[in-house]
Amino acid sequence: MASFLQMIIVFVLVLGAMVVIHEFGHFIVAKFFGIRVDVFSVGFGKRLWGVRKGDTDYRVSLIPLGGYVKMAGENLDEQRTGAPYEFMSKPKWQRFCVAVAGPAMNILTALAIPAAMAMIHHEVPAYLNTPALVKAVEPNSPAERAGIQPGDLIVKIDGSSDPKWQYLEDHIAVSPDQDLPVTIKRDGELKQLTLHVGSRAFDQEKLGYSGLRPEDLRLTVREVKPGEPAAEAGLKPGDNIIAVNGARVEQNRYGAEEIIRVIRSSADKPLSLTVKRDDASLDITATPRIDQGELRLGFGQVITGGETVNQRLSLFAAVRYSVDENMRVIQLTKTALAQVFVGKRSARDTLSGPVGIAQIVGQAAQEGSMHVLRLMGILSLNLGIFNLLPIPVLDGGLIFMLGLEALLGLFGLTLSLRIKERMMQVGLVMLMLLMGFVIVNDILKQIPGRSAAPQQTEQPANR
């Protein structure tokens, strides 16, 4: 119960922060152009609390799933007086600036968070920005079945040449159950192979799995707390965790996350850790206990065997890093959505609504404040881009109508109020259908046996 309340509280705080940032963009630009702002609301529905300062009522409303800024003369059905402080009385370019300011603030926030974090602490695996030279291949993995061997250099995958490990891991992660053409260089010769990407279930989502290893990485037990289930079962520092409940885990950051997830979903159920100690393999069985509201075995793990880059970045380097990270997120999102439209990927596996986002935020909170901040940056970027879609009732819809009005004006035509109303109605229906789909999808994912990502035999998905 405590964990659920924590998840809800963190979700509301994170969403509230992003909404305030978004609406503040509209607010500050509207004020700059002399537009009267009647309401600045965090949340929708009934007003719970607020203060009035000048012309604006700053309020907190009942439903904490969004927010809005109400400007004078903004709504199509509103009686306008033609006063200079009304939104529709302003030139089109000023209205455009007001509309784009909200998404722009979200995108700037998405850039600022990773940059600030990189200037404070920047630690990443050194291999991520190196050529995709395979150091190891997991047994019985998709990579092994494709014929990839240690020492192979991947020079092309799915049409992209000279991929770095960062791109390779990301592209495989968003391509579960797909065949990817791969070109490798072995002993100076090029070979054409086909990698059938496996899949693994992770928090009701599908992630691709290959078994390719960039280094001889190991998931190593760093510490074991005395008196905790792990210690009582015989787990020791230095043990290399290779499987959970009989299912192998990848020896990288995804495997570390998988171990944590399995532990936290094993209430009152013993789980088995297969570890390698010296040259022997051991099965250690323990039942997680509640500690500080979370299920734990009482040990810490670390990825060993690989180098890391650990340094604070300068302002310029941090901004460049942030831009690259945000472009990577955009590229991954574009790839996943494109797969939905061409039928390679299910929309159920790709889209999440408020329930799914709340779960993700709650899990990030369990990992610490740095994970929450990273997630805020990603969500802020997605919120900014989503609001730029040319759907009436979104900011992008208003921008689209302003552009259409300007184009028609070149031919002496106007966009009538009736047409604008019809466009808004269509946009509202589209948005409601989308929201209905993602909410129902989130709920279905919580029903046992209706997981969006069924378990696979070739990669751990045990819950």
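Applying the set (1) modelled with pLDDT of 90 or more; (2) in contact with a helix residue (DSSP H, G or I) (Cβ under 7 Å, 6 or more places away or on another chain); (3) farther than 26 Å from residue 380 by Cβ; (4) open to solvent by less than 40 Å² (accessible area, probe 1.4 Å) to residue 98 leaves exactly one unmet item: (3).
Rundown of residues vs (1) out of contact with any His (no Cβ under 8 Å at 6 or more places or on another chain); (2) modelled with pLDDT of 85 or more; (3) loosely packed, with under 14 Cβ neighbours inside 10 Å, yes/no style:
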position	(1), (2), (3)
229	yes, yes, no
233	yes, yes, no
240	yes, yes, no
251	yes, no, no
254	yes, no, no
264	yes, no, no
280	yes, yes, yes
290	yes, no, yes
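Among the residues of segment 391-403, those that are modelled with pLDDT of 85 or more and open to solvent by less than 50 Å² (accessible area, probe 1.4 Å) comprise 391, 394, 395, 396, 397, 399, 401, 402, 403. Apart from one condition, residue 108 fits all of (1) over 25 Å from residue 422 (Cβ atoms); (2) open to solvent by less than 60 Å² (accessible area, probe 1.4 Å); the exception is (2).
Residues that are more than 30 Å from residue 30 (Cα to Cα) and either in contact with an Asp or Glu (Cβ under 9 Å, 6 or more places away or on another chain) or not in a loop (DSSP other than H, G, I, E, B) (or both): does segment 96-111 have at least one? No, segment 96-111 contains no residue that is more than 30 Å from residue 30 (Cα to Cα) and either in contact with an Asp or Glu (Cβ under 9 Å, 6 or more places away or on another chain) or not in a loop (DSSP other than H, G, I, E, B) (or both). Inspect segment 230-237 for any residue being among the acidic types (Asp, Glu), within 27 Å of the chain's Cα centre (by Cα) and part of a helix (DSSP H, G or I) and give the result as yes or no. Scanning segment 230-237, I find no residue that is among the acidic types (Asp, Glu), within 27 Å of the chain's Cα centre (by Cα) and part of a helix (DSSP H, G or I), so the answer is no. Restricting attention to segment 368-390, the residues that are touching a residue at least 24 places away in the same chain (Cβ under 8 Å) and open to solvent by 30 Å² or more (accessible area, probe 1.4 Å) total 10. The condition (being buried (at least 19 other Cβ atoms within 10 Å of the Cβ) and out of contact with any Lys or Arg (no Cβ under 8 Å at 6 or more places or on another chain)) is satisfied by just one residue among 138, 74: 74. A count restricted to segment 24-33 and to residues that are in a loop (DSSP other than H, G, I, E, B) and either open to solvent by 40 Å² or more (accessible area, probe 1.4 Å) or free of Cβ contacts under 8 Å to residues at least 12 places away in the same chain (or both) stands at 0.
Residues are listed down the side, and each one gets a yes or a no for (1) modelled with pLDDT of 80 or more; (2) open to solvent by 50 Å² or more (accessible area, probe 1.4 Å); (3) acidic (Asp, Glu):
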| site | (1), (2), (3) |
| --- | --- |
| 301 | yes, no, no |
| 316 | yes, yes, no |
| 320 | yes, yes, no |
| 325 | yes, no, yes |
| 340 | no, no, no |
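With respect to residue 191, is the statement that it is over 17 Å from residue 288 (Cβ atoms), open to solvent by 50 Å² or more (accessible area, probe 1.4 Å), of a type in the set (Lys, Arg) and assigned to a strand (DSSP E or B) true? For residue 191, the condition - over 17 Å from residue 288 (Cβ atoms), open to solvent by 50 Å² or more (accessible area, probe 1.4 Å), of a type in the set (Lys, Arg) and assigned to a strand (DSSP E or B) - is met. Among the residues of segment 43-76, those that are without any contact (Cβ under 8 Å) to a residue 40 or more places away in the chain, part of a strand (DSSP E or B) and either acidic (Asp, Glu) or within 23 Å of residue 423 (Cβ to Cβ) (or both) comprise 44, 57, 70. The criterion of being within 25 Å of the chain's Cα centre (by Cα), open to solvent by less than 10 Å² (accessible area, probe 1.4 Å), under 27 Å from residue 235 (Cβ atoms) and among the basic types (Lys, Arg) holds for residue 200.
The C-beta contact set for segment 7-22 (first residue within 14 Å of residue 41 (Cβ to Cβ) and touching a residue at least 40 places away in the same chain (Cβ under 8 Å), second residue surrounded by fewer than 21 Cβ atoms within 10 Å (Cβ to Cβ) and among the hydroxyl-bearing types (Ser, Thr, Tyr), distance under 9 angstrom, 6+ apart or interchain) comprises 19/68.
Do you know which of the residues in segment 203-227 that are basic (Lys, Arg) and under 27 Å from the mean Cα position of the chain (by Cα) is modelled with the highest pLDDT? So the residue we want is 213.
Which of the residues spanning segment 206-221 are in a strand (DSSP E or B) and either over 25 Å from residue 333 (Cβ atoms) or in contact with a Pro (Cβ under 8 Å, 6 or more places away or on another chain) (or both)? Hits for segment 206-221 are 206, 207, 208, 209, 213, 218, 219, 220, 221. Residue-level check: of (1) in contact with an Asp or Glu (Cβ under 6 Å, 6 or more places away or on another chain); (2) assigned to a strand (DSSP E or B); (3) of a type outside the set (D, E, K, R), residue 127 misses just (2).
The values are calculated or read from the model by the stated rules, or taken from the named source; none is laboratory data. Fair warning: this is a prediction, and the values are worked out from it, not measured in the lab. Don't worry about glycine lacking a Cβ; one is built from the backbone with ideal geometry, like all the others, and counts go over all protein chains shown. With ligands, DNA and RNA removed, areas are computed over all heavy atoms of the protein, side chains included. Shrake-Rupley method; radii C 1.70, N 1.55, O 1.52, S 1.80 Å.
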